Every structure is written in C-alpha cells, then in structure tokens.
1. Here are some residues: ASP40, ASP63, ASP55, ASP117. Which one is touching a Lys or Arg at 6+ places or on another chain (Cβ under 8 Å), at pLDDT 95 or above and among the charged types (D, E, K, R)?
2. Only one of ILE74, ILE93 is surrounded by fewer than 16 Cβ atoms within 10 Å (Cβ to Cβ) and under 16 Å from ASN36 (Cα atoms). Can you tell me which?
3. Check the stretch 35-57 and report whether any residue there is within 14 Å of SER13 (Cβ to Cβ) and without any contact (Cβ under 8 Å) to a residue 60 or more places away in the chain.
4. Suppose we filter the stretch 5-28 for residues that are assigned to a loop (DSSP other than H, G, I, E, B) and either without any contact (Cβ under 8 Å) to a residue 12 or more places away in the chain or out of contact with any strand residue (DSSP E or B) (no Cβ under 6 Å at 6 or more places or on another chain) (or both); how many remain?
5. Working carefully through the options PHE31, PHE64, PHE69, PHE82, find the one that is in a helix (DSSP H, G or I) and open to solvent by less than 50 Å² (accessible area, probe 1.4 Å).
6. Starting from the stretch 96-115, take each residue that is farther than 18 Å from ASN19 by Cβ and list its partners that are among the hydroxyl-bearing types (Ser, Thr, Tyr) and crowded, with 20+ Cβ neighbours inside 10 Å, counting only C-beta distances under 6 angstrom and pairs at least six apart or across chains.
7. Any idea which of (1) open to solvent by 60 Å² or more (accessible area, probe 1.4 Å); (2) at pLDDT below 95; (3) among the polar types (S, T, N, Q) is the one GLN47 doesn't satisfy?
Amino acid sequence: MSLEITKHHVCLSTAPQVNSEDMALVAQKGFASVMNNRPDFEHDASQPTAQSVADAAQALDMDFYDLPFSPSRITPELLVQFAQIVGQARKPILVYCRSGARSTGIYRMVLEAGYLDPEDLSLVMG
C-alpha cells in the first residue's frame, strides 16, 4: 500500500486519488477526517466512488466530507464551503482529488483569502 501524502500544515495534507483500501493507512497515520474534491467518474468508471471511500473512512472512525468540483469551476462560494469544512472538521484532515493539485490549490486560495487561521486552520470568517 503506497499513498503519496503531502503535508501542507500539521492539520492538513493532500493526496492523489485514494480508495477504500487506503483508509486503513490513512487512519494509521492519525487522520481524523477525509475530504474528497473529485467528482465521481470524472475520468473513467474504474475510479473509486466517494461513497466507497466514505464508508471505509467512517468504519475506521474518520469523518468524511464530499466536496467534488472541477478545477475550472472554482467560485467564491466554493472557497467558503471548503473553508467551512476544514475549519470545523476534526483534524488532521486529508484532502484528495485526482492528483492532489486541485486540493492543494483550493487550500492555498482559502488561506490567501483569509478564511482560515494559518496557525490552526480554524474558521476566521463569518
């Protein structure tokens, strides 16, 4: 089982597509929450569904958040939704998409917008 996890903050890391079998390793690494940013079947039918990953994560006592989006369709509302999830989620949280790039990008945008406290990733917006 090999999963490339990139740590951006003590409270948040990103990864490329995960599957239900990866959740044991994710839990073992101490993650309390997992967030999906990839729409189901974005590339092909062999992609694991968010629900299959959610079921595995929740069976291991991790919270699961589903916020799929296309990287070409990032809106101010999406930034708010992402910030609210990260700000309120049990941490650390692992955020994944196809390659990890879209999850990393939206995390950086939310920080730059000032929606999350850079110290603890708590929500600082209304």
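1. Exactly one of ASP40, ASP63, ASP55, ASP117 is touching a Lys or Arg at 6+ places or on another chain (Cβ under 8 Å), at pLDDT 95 or above and among the charged types (D, E, K, R), namely ASP63.
2. ILE74
3. No, the stretch 35-57 contains no residue that is within 14 Å of SER13 (Cβ to Cβ) and without any contact (Cβ under 8 Å) to a residue 60 or more places away in the chain.
4. Adding up the residues that qualify gives 5.
5. PHE82
6. Close Cβ pairs satisfying both conditions: THR104/THR14.
7. All conditions pass for GLN47, except number (1).
The values are calculated or read from the model by the stated rules, or taken from the named source; none is laboratory data. This is a predicted model, so every value here is computed, not measured. Because the Cβ atoms are built from the backbone with ideal geometry, glycine has one as well, and the counts that use them run over all protein chains shown. In case anyone asks, the SASA skips ligands and DNA or RNA and just uses the protein heavy atoms, side chains included. Shrake-Rupley method; radii C 1.70, N 1.55, O 1.52, S 1.80 Å.
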